[in-house]
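Asks: For reference, the structure I am asking about is given below.
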Amino acid sequence: MPQFDYFMPSSNRFLFADIVLKRIISIRCPGHAWRTAFFVITFLFASVLLPAHVLAQPATTGSHTYTVTISGAGGLTPMLKDNLEISRRQSSGALSDDEIQRLAGSAPNQIRSLLATEGYFSAQVTHELDQQDATWTARFIIDLGPRTLIDSVNIVFKGAIVEENPQRIERLRRRWGLPVGGIFQQKAWDDAKNDLLKSLLVRDYPAAAITQSEARIEPTTNSAALTVEIDSGPAFTFGELQIKGLQRYASRIVTDLNPITPGEPYSQEKLNELQARVQDTGYFRSAFATVDIDPAHPTSVPIRLELNENERKRLSLGLGFSTDSGARGQIKWLDRNFLGRDWRLESKLLVDRDNRLLGAEVFLPPLRNDWRPSFGTRYEYTNSAGEMNDKTATAARLTSPDKNNEMIWATTLYTDHQRLDDSDYTNHREAVVGSFTYTRRRVDNLLSPRHGYVASIDLGAGPTGDGEALARAVGRVTYLSPYYKRWQAVLRGQVGQVSGAGRESVPADLLFRTGGDQTVRGYGYEKLGVEQDGAIVGGTVTAVFSAEMVYRITPQWGAAVFHDAGNAADTWKNFHFAQGSGIGARWRSPIGPVNLDLAYGHDTHDIRLHFSIGYGF
């Protein structure tokens, strides 16, 4: 049950203190591992669709089950049901009559406390408890009353900011999240204070603190008077960089990446940038940049960078399985001091049912602006939908340091030797392409995102081996909505086109095929494209769209319904959408989202099982 603290003076006024709302959801799930994909998906959907009384345990002798109905709360009803003890105890099965009566008697006070967090301080609650046969019914009738509005806001600043930066104080007051006339809600009150404090902590004033805050509620007028007192403390400046834990690698790998100049104002963003730059080199398992926050010594504060180095060389072996390409094995070799020059060599050999890949890439130390040069080459054999290809790609790249706004400039030589299963057709294709890729990432976590989006644009141009000039453009976006009442939307889209050259002279890596686990489900991997002599080959245009709704059953498990549409063709005139629909299970694992789907291909009338990890960014 949520716990609340109130200050109640003898007058009609009372102080509404900060409320900590603890939402506890109790759902039973099977502890054993699921045996088949169909069982898992069926169970998850049964958990969503079956009414609670169907899943409830049978009543024991001397005990009774009960139902709970709430009326008058409108859109707040789900919140009440999630947090009321009497609602949460329903999943415990049959209870004694005394326990049911106790729960029903304590519920009105709990309802009033919960409604207060949403600004309803004058709510009236009446309840009834009836018994018919062996089942009790607890009814709660709510009159919400008027909602409390904010009557005044008083933000008092103290500390160095008062003399040093009065303009910033005015900006902070304008950005305050609870304006006069707005609705008072506890979460919004907490968020507004946290945002105000954070705006000082992250820049210039890391010792800032809220010294006093109160929301004084007047029930007779349904108004709230807000007061916040915040002390900025002194303004801090950075000092010299102090490195700890550096043994295997040269110090210049770190010092060349330091974006901070001694004497410049404190900035958490600068510390994060230093930490990210060092971490992204691949030489370190972890990097942690901090400063001592001592208000007595705010100037020239040393920056402590604690490093945990990676080993110089590592051999990795891996086995895996994909519904797209079956079982696979992988060998990776990593050398972080290649040729004794602190270059990083990453090479791998991958073999699965239809493909073979051998490749290596060398990453040079970052430049002074932290852009990362690299070069590499790979050979790949693919056998898919009747088309066989021997492909090579040799590239030089320059990659920007900011992962949230990543840019890649590259020059690549592509070659391939194409053959078709049921014909004597062979084709040799070559192209040299200069390209630019921009990727914008706005997600809460890159490994296991819960909400946000990733969008990218890939532009390229260059000559083919036949003397034609090709141009290529591809746009992609993936969007994860915030959860709303346990529902989340996952939307994906991709559009691409190659112009200036036909597919007969464009290497396969630059053409488009689709279908599979993370594109159009219900179809085999890359089985959608252009038909040629009984095989499926790449086309010069593509479009793929996907819409998915996920229902969160527990924080780790969810169920999904989805619809995908996409294809590839030689021209937009000949393009048509192949569609797939289905249901799936979702598990938020330690290594990222795990997806298990059953999909129906509308064009083939086939049902396929798909298994994947992560999102198709």
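Asks: Please list, ordered by chain and number, the residues whose modelled amide H lies under 5 Å from the amide H of Ala501; skip anything fewer than 5 residues away on the same chain.
Replies: HN-HN under 5 Å from Ala501: Ala471.
Asks: Taking a 1.4 Å probe, which of Val498, Val477 shows the most accessible area, and what order do the others take after it?
Replies: Val477, Val498
Asks: Taking the radius of gyration and the Kirkwood hydrodynamic radius from Cα positions alone, what is the Rg/Rh ratio for the stretch 498-577, to two decimal places?
Replies: Here the Rg-to-Rh quotient is 1.12.
Asks: Mind listing P(r) for the stretch 439-548? All alpha-carbon pairs, 10 Å bins, whole percents.
Replies: Here the calculated profile for the stretch 439-548 is 13, 35, 31, 15, 5, 0.
Asks: Related question: Taking loop as defined by DSSP and a crowding limit of 10 other beta carbons within 10 Å, which GluC sites (Glu not before Pro) in the stretch 266-327 fit?
Replies: Glu311
Asks: Please list log₁₀ I(q)/I(0) at q = 0.18, 0.21 Å⁻¹ for the stretch 336-438, using the Debye equation with identical point scatterers on the alpha-carbon positions.
Replies: -0.97, -1.13
Asks: How big is the C-alpha Rg of the stretch 283-336 next to the rule-of-thumb value 2.2 N^0.38 Å, as a ratio?
Replies: Its radius of gyration relative to the 2.2 N^0.38 Å reference: 2.10.
Asks: Does the stretch 382-457 come out rounded, prolate or oblate by the C-alpha gyration tensor, with a ≥ b ≥ c the root eigenvalues, rounded set by a/c under 1.5 and, if not, prolate when a/b is larger than b/c and oblate if not?
Replies: Verdict is oblate for the stretch 382-457.
Asks: Can I ask one more? Evaluate the Kirkwood expression for the hydrodynamic radius of the stretch 59-124, namely the inverse of the mean inverse distance over all pairs of different C-alpha atoms, and round to one decimal in Å.
Replies: 12.7
Asks: Moving on. Can you give the alpha-carbon Rg of the stretch 241-390 over 2.2 N^0.38 Å, where N counts its residues?
Replies: 1.40
Asks: Enumerate the whole-percent occupancy of each 5 Å bin, from 0 to the last occupied one, for all C-alpha pair distances of the stretch 473-537.
Replies: In whole percents, the pair-distance histogram is 4, 13, 18, 20, 17, 11, 7, 4, 4, 2, 0.
Asks: For the stretch 131-195 and the stretch 401-477, write down the distance between their C-alpha centroids in whole Å.
Replies: Result: 48 Å between the Cα centres.
Asks: Could I ask something else about it? Find the relative contact order for the chain and round it to a whole percent, using C-alpha pairs within less than 8 Å whose residues are 6+ positions apart.
Replies: 7
Asks: Express the carbon and sulfur contribution to the solvent-accessible surface of the chain as a percent, rounded to the nearest whole number, probe 1.4 angstrom.
Replies: C and S fraction of accessible area: 54 percent.
Asks: Let me ask another. Projected area of the stretch 169-215, taken from the Cα convex hull and averaged over every viewing direction, in nm²?
Replies: 3.6
Asks: Still on this structure, I have one more. If I model a spin label at Ala250 and Ile169 as a point 7 Å from the Cα along the Cα→Cβ vector, what separation in nanometres do I get?
Replies: According to this spin-label approximation, the distance is 5.1 nm.
Asks: At what distance in angstrom do the alpha carbon centres of the stretch 198-274 and the stretch 339-358 lie from each other?
Replies: 42
Asks: May I pose another question? Report the net charge of residues surrounding Glu306, where surrounding means a beta-carbon distance below 14 angstrom and charges are Lys +1, Arg +1, Asp -1, Glu -1.
Replies: Local charge sum for Glu306: +1.
Asks: What number results when the radius of gyration of the chain, computed over Cα atoms, is divided by 2.2 N^0.38 Å?
Replies: 1.21
Asks: At a threshold of 8 angstrom on Cα-Cα distance, excluding pairs fewer than six apart, so keeping six or more, what relative contact order does the stretch 421-567 reach in percent?
Replies: 19
Asks: A follow-up question, please. Given 4 °C and 1.567 mPa s, compute D for the stretch 69-192 with the Stokes-Einstein relation, Rh being the Kirkwood radius over Cα pairs; round to the nearest whole µm²/s.
Replies: Using the Kirkwood radius from Cα pairs, D works out to 74 µm²/s.
Asks: Based on the Cβ-Cβ distance of Val432 and Asn369, what FRET efficiency does E = 1/(1 + (r/R0)^6) give at R0 = 25 Å, to the nearest 0.05?
Replies: Working from the Cβ atoms, E equals 0.40.
Asks: Only helices at least 27 Å long along their own axis, judged from Cα atoms, and with Kyte-Doolittle mean hydropathy of -0.5 or greater: name those in the chain from DSSP H.
Replies: 97-116
Asks: While we're looking at this one, here's another question. Which order do the peptides 414-420, 242-248 take when ranked by the mean count of other beta-carbon atoms within 10 Å per residue, highest first?
Replies: Sorting 414-420, 242-248 by mean packing, highest first, produces 414-420, 242-248.
Asks: From the helices alone, meaning DSSP H stretches of at least four residues, give me the mean residue ellipticity at 222 nm for the chain, per-run term -39500 (n - 2.57), in deg cm²/dmol to the nearest 500.
Replies: After summing the helix terms and dividing by the residues of the chain, the value is -4500 deg cm²/dmol.
Asks: Note the full-extension length gain between Thr221 and His576 as 0.36 nm times their separation in residues minus their Cα-Cα distance, in nm to one decimal.
Replies: 121.6 nm
Asks: Moving to a separate point now. Mind grabbing the accessible area of Phe575 for me, 1.4 Å probe, Å², rounded to tens?
Replies: Approximately 40 Å² for this residue.
Asks: Tell me which lysines have Cα within less than 20 Å of Lys244's Cα, excluding those fewer than 8 residues away on the same chain?
Replies: Straight-line reach from Lys244, under 20 Å: Lys270.
Asks: Out of the DSSP beta bridges found with both residues in the chain, what percent are antiparallel (nearest 5)?
Replies: Here the antiparallel bridges make up roughly 90 percent for the chain.
Asks: Where in the stretch 542-576 is the amide nitrogen less than 17 Å from a point lying 7 Å along the Cα-to-Cβ axis of Leu491?
Replies: 544-550, 561-566
Asks: May I pose another question? With a 10 Å radius around each residue's Cβ, average the other Cβ atoms per peptide and rank 255-261, 512-518, highest first.
Replies: 512-518, 255-261
The values are calculated or read from the model by the stated rules, or taken from the named source; none is laboratory data. Source: prediction; values computed, not measured. Glycine gets a Cβ as well: all are built from the backbone with ideal geometry, and neighbour counts include every protein chain shown. Note: areas computed on protein heavy atoms with side chains; ligands, DNA, RNA excluded. Shrake-Rupley method; radii C 1.70, N 1.55, O 1.52, S 1.80 Å.
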